[in-house]
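Participant: Just passing along the structure, written as structure tokens.
The values are calculated or read from the model by the stated rules, or taken from the named source; none is laboratory data. Here the structure is a predicted model, which is why all the values come from computation and not from measurement. These accessible areas exclude ligands, DNA and RNA; they are computed on the full protein's heavy atoms, side chains included. Shrake-Rupley method; radii C 1.70, N 1.55, O 1.52, S 1.80 Å.
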Amino acid sequence: MASPVDSGRQAITPWSWKYPLELRRRAVRMVAEVRPDYDTEWAAMKAVAAKLGIGTTETVRKWVRQDQIDTGSRPGTTTEESAQIKAMKKEIAELKRANEILKAAAIFAAELDRPHSRS
């Protein structure tokens with residue numbers, strides 16, 4: 001499965017607005033490239049974050065982890081699956097609202113059809 005970091009598609013995430021897609025791609029690539037130069041992956045991520053002016057190392061770590069999930073090298077929910085789940089939740093909410101409207105309309109229609117006794 002293609003990673004949103006590598007696929008060219010803009011993933012919809014909380015950090016999308018702050019860091020451009022190309023910067024996220026570059027950071028993930030750079031971590032992979034410089035990892036052998038550092039004792040730990042965290043140290044490599046910290047160096048990349050500092051070099052690219054990314055606010056925190058944790059931000060880079062999240063991008064790298066999500067890329068690993070999206071490429072299948074780590075278990076978890078892919079970016080594409082997250083987007084599908086979000087869309088389905090939105091659709092379910094819309095269907096529930098429509099169902100409530102239809103229930104109210106059915107009750108109203110039943111009241112109109114019911115014969116009223118006149119005294």
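Participant: Scaled to the compact-protein estimate 2.2 N^0.38 Å, what is the alpha-carbon radius of gyration of the range 72-118, rounded to two decimal places? Please list the in-between numbers first.
Facilitator: Working: Rg = 21.0 Å, N = 47, 2.2 N^0.38 = 9.5 Å.
Here the Cα radius of gyration is 2.21 times the empirical estimate.
Participant: In the range 77-119, what percent of the accessible surface is made up of carbon and sulfur (1.4 Å probe, ligands and nucleic acids excluded)?
Facilitator: C and S atoms contribute 61 percent here.
Participant: Going down the table (Lys51/Lys90; Lys51/Lys89; Lys18/Lys90; Lys62/Lys86), which pairs top 30 Å between alpha carbons? Walk me through the numbers on the way to the answer.
Facilitator: Working: Lys51/Lys90 39 Å; Lys51/Lys89 39 Å; Lys18/Lys90 25 Å; Lys62/Lys86 19 Å.
Cα-Cα > 30 Å for Lys51/Lys90; Lys51/Lys89; rest within.
Participant: With every protein chain left in place, what is the accessible area per residue of the range 71-119 in square angstrom, probe 1.4 Å?
Facilitator: Numbers: 4590 Å² over 49 residues.
With the other protein chains kept in place, the range 71-119 gives 94 Å² per residue.
Participant: What do you reckon, how do Arg97, Arg24 stack up by accessible area (1.4 Å probe), largest on top? Intermediate results must be reported in sequence, preceding the final value.
Facilitator: Numbers: Arg97 140, Arg24 0 Å².
Ranked list, largest accessible area first: Arg97, Arg24.
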